[in-house]
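Just below is one structure, and these are the notes that go with it.
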């Protein structure tokens, strides 16, 4: 290149700086994976195969896009003299805007989150899993390269662009010169050239490139050749390195565990092993083949509203799209894999697919199959299912709210903590129903922000004392699906923080002992003083509570709050206030434990004509604190507490 041509290039090039976060992140990515450098080649080939799949679909509507060469391929070759490795595809290619967007995607999503997660990761294996989750696999190339050049020409366009970066501070983008453009395979596609570091010189050997491709990318349906595109084109006897068959179309008996694992790593960009693999062919009214995986680790953005579907749709082995939200239910958004339809037309538009009846049937059939496989997993491998539920159970329960047709199957696989074995193990609803006491007609539950807080809830004391099981619900979605799911096998769900519950009607299985008889006799003696106290408290707190009554729930605590029958559950009300600015006009009910020593003392003091106003407000504030609610007047609370303590001293 002449000095004049070089000067002209420098004038045309545009330099863009990475943000501070991206620079730090690139440094982490480039050095976090040193124990498995092979990953970079798998990532580049996966991207190349995706580019070919996308153009194959686009060419159905626009055949001219591939008129120069209808045969898709990926070429990988090394240049020992210049110490470079190049991966070339003749796929869809990228224009200037797409180069900036696609190669700078980490600047748009999750940069800070990934950086933080990397710091928390314990070892290189954990860090490696995160790379795929955050979609920055391309940058793994900086493990082996101190500079990367990407030359690309979008199919159907004339301009050829070059993106270049050292992975440290910035990248440049400009039009490619004639020599750089010659790296492309024909009139479209992308060529990625890596300047190999000394410590990664093994990738300058053909044998290393071949073995890596064979190990990680044998399942790729696009043929992968060893050699530059011009060399491959001249050699009519050139054989691809990979087997080039669509794995999901092969008989299950011909697929090894390693084949399934390699395809999972390719389709998900994850390095971990899948928790569950489901591979089947549906025949009948609709025909499709599906190969789906459940990851071991939940993605960092599982509950991000902007998270997209991660299952790819094919039609008769032709990739269509991975952007159809209606292909999978939102509560199965953690699934990875492919669905290949025999019924959809190849020329259907992506927009039309969103509302296609066949897609809806596929979605429902897939959900039934996955729920059935999860049920089998729960029976055949309980530890694996427990791991699944801990990672994805809260997402799966969303289906109870918005997928009534699958509700029965969902309830079958749902797991909950409960008072059974002190909340140490998951239980099923079937387990719960089998342990219900005589006279018990409802499934009792309590919802809250954490297992620790609701385990110590005063409302559960009476249930625990009588051996009546209570479900612990700690996911936000629980409060919503309970509004839609009215019962399980005829047993309705009942919150223990709402309404009046007569526990005396439920047989505990224990005979009354002398202590119980004595308590009953004492209750009768204390009725007059307790009634006086309740009446007095009601007068003092009439602006703050709906009612005050003796509690059948409490055994250890002095007071608790519950919602009236006509109101929403206590925790549900708090959730609505936070998420929907809900304003409740309903006041809570204050229940008092008539057998508690403090209540008995206050009752006698009230009978003696003493002022119990401070005590009434302190008990109300105590109940609010236990419920996780804020106190209306902190200054008044502090003053009353000081006065009360002063009298006690």
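No value in this document is a laboratory result; all are computed from the given coordinates. Keep in mind that what you see is a predicted model, and the values were worked out from it rather than measured. Here the Cβ positions follow ideal geometry from the backbone for every residue, glycine too, while neighbour counts run over all protein chains shown.
Miscellaneous remarks
- Tensor-based shape of the range 384-505 (alpha-carbon gyration tensor, a/c under 1.5 rounded, otherwise prolate or oblate): prolate
- Each label point was placed 7 Å from the Cα along the Cα-to-Cβ direction; for residue 435 and residue 254 their separation is 5.0 nm.
- Sequence-separation-based contact order of the chain, relative, with Cα cut under 8 Å and 6+ spacing, percent: 9
- Nearest-0.05 FRET efficiency for residue 360 and residue 549, computed from C-beta distance (R0 30 Å): 0.05
- Cα shape, the range 585-649, gyration tensor, a/c 1.5 rule: oblate
- Between residue 614 and residue 465, the FRET efficiency from the beta-carbon distance, with R0 = 45 Å, is close to 0.90.
- Label-point separation in nm, residue 605 to residue 455, each point 7 Å along Cα→Cβ: 3.4
- Fewest-first sequence of 634, 641 by Cβ atoms within 10 Å of each Cβ: 634, 641
- Mean-position separation - Cα centroids, the range 435-495 and the range 314-336, in angstrom: 36
- Neighbour counts of other Cβ atoms within 10 Å put 219, 544, 97 in the fewest-to-most order 97, 544, 219.
- Axis angle, to the nearest 10 degrees, between helix 597-607 and the longest C-alpha principal axis of the chain: 40 degrees.
- Counting DSSP beta bridges with both ends in the range 413-499, the antiparallel % (nearest 5): 40
- Solution diffusion estimate, µm²/s, Stokes-Einstein, the range 232-305, Kirkwood Rh from C-alpha pairs, 10 °C, viscosity 1.306 mPa s: 106
- Whether the range 514-648 is rounded, prolate or oblate, judged on the alpha carbon gyration tensor where a/c under 1.5 counts as rounded: oblate
- Relative to the dominant Cα principal axis of the chain, helix 382-396 is inclined by about 90°.
- Cα long-axis angle, helix 3-12 against the chain (0 to 90 degrees, to the nearest 10): 30
- Packing-based exposure ordering (other Cβ within 10 Å, fewest first) of 168, 452: 452, 168
- Between the beta carbons of residue 442 and residue 412, assuming R0 = 25 Å, the FRET efficiency works out to 0.80 to the nearest 0.05.
- Separation in nanometres of the label points that stand 7 Å from Cα toward Cβ, at residue 285 and residue 102: 3.9
- Among [x] 62, 44, 26; [y] 64, 28, 20; [z] 46, 36, 22, the entry that matches semi-axes √(5λ) of the Cα gyration tensor in Å as calculated here: [y]
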